[in-house]
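Following: one structure in structure tokens, then a few remarks.
The values are calculated or read from the model by the stated rules, or taken from the named source; none is laboratory data. Since the model is a prediction, treat every value here as computed from it, not as a measurement. All Cβ positions, glycine included, derive from the backbone under ideal geometry; neighbour counts span all protein chains shown.
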Amino acid sequence: MMIKSASMLSNVVSLRWTKRSPRVLFALSFLVLAALACSMAELSVSMAEPGSLLFSDDFSDRSGGWTRVSNEGGTVGYDNGVFRILVNRPGYNYWATPGLDLADARIEVDAGRFAGPVSNRIGLVCRYQDDKNYYFFVISSDGFYAVGKVSGGETVHLGQDEMQSSQAIKTDNPVNHLRADCVGDSLTFYVNGFPVALVHDDQFTRGDVGLLAGAFDETGVDVIFDDFVVIKP
């Protein structure tokens, strides 16, 4: 699990087993068990039927795994049954991930502008490696969308040079239902059930999923998210 701030969307141990090392033996055993647990988890995901629920959170329980952060640049965390991201730095994104490691995933969430400028970024993240490498799917409250990636800290739009307008996006304050399908090298973005973008990229093959909100020149972007689900495509 990880929450970071930065990244502009601009035009967005080796252990040796010896009889004299009981601590090493314990550590090695722990690592073996941890690796086994991870392998079983990956096997469970890979064997899941298409359409199976892999993860969900309605944010009614604060123990859901998402990190909470509050500093001068913004606030990220649970808030009265929703997940809320407030961005107070121009040109910055804040995001949250629940600590998953997935290859193919269908991610959905209800998201809306709570306050602040309509020129904003609201969206989803998939195949998150770290704060410098991931795919993003975003809309703005004034009717624009983009699909792209952050690679080595550099932002690249995929299939478009800049954010494009779409009538599928409900503008101003209404809630939009966002869906991102990351399957193989295909990245598909749906807004309120309508496909708005399909692009292809094979740089990232697996990673975490999550939520994102960002500001352009005007700060005070305040976004709420609810009913986050991850489904096997």
*asked:* Looking at segment 61-88, I want the residues that are assigned by TED's automatic domain parsing to the domain that holds V109 and have a partner that is of a type in the set (S, T, N, Q) and surrounded by fewer than 20 Cβ atoms within 10 Å (Cβ to Cβ) with Cβ atoms under 6 Å, at least 6 apart or on another chain. Which pairs are those?
replied: G73/S5; G73/N88; G74/N88; G81/S60; L86/T75; N88/T219
*In segment 45-120, which strands (runs of 3 or more DSSP E) lie fully inside it and hold 2 or more residues that are closer than 30 Å to S186 by Cβ?*
53-57, 82-87, 93-97, 105-115
*In the set D202, D181, D142, which member is of a type in the set (D, E), at negative phi and either within 16 Å of the chain's Cα centre (by Cα) or not assigned by TED's automatic domain parsing to the domain that holds G77 (or both)?*
D181
*Would it be correct to say that N120 is touching a Phe, Trp or Tyr at 6+ places or on another chain (Cβ under 8 Å) and buried (at least 18 other Cβ atoms within 10 Å of the Cβ)?*
yes
*asked:* Being touching a Phe, Trp or Tyr at 6+ places or on another chain (Cβ under 9 Å), under 23 Å from D57 (Cα atoms) and hydrophobic (A, V, I, L, M, F, W, C) is the requirement here; does A180 meet it?
replied: yes
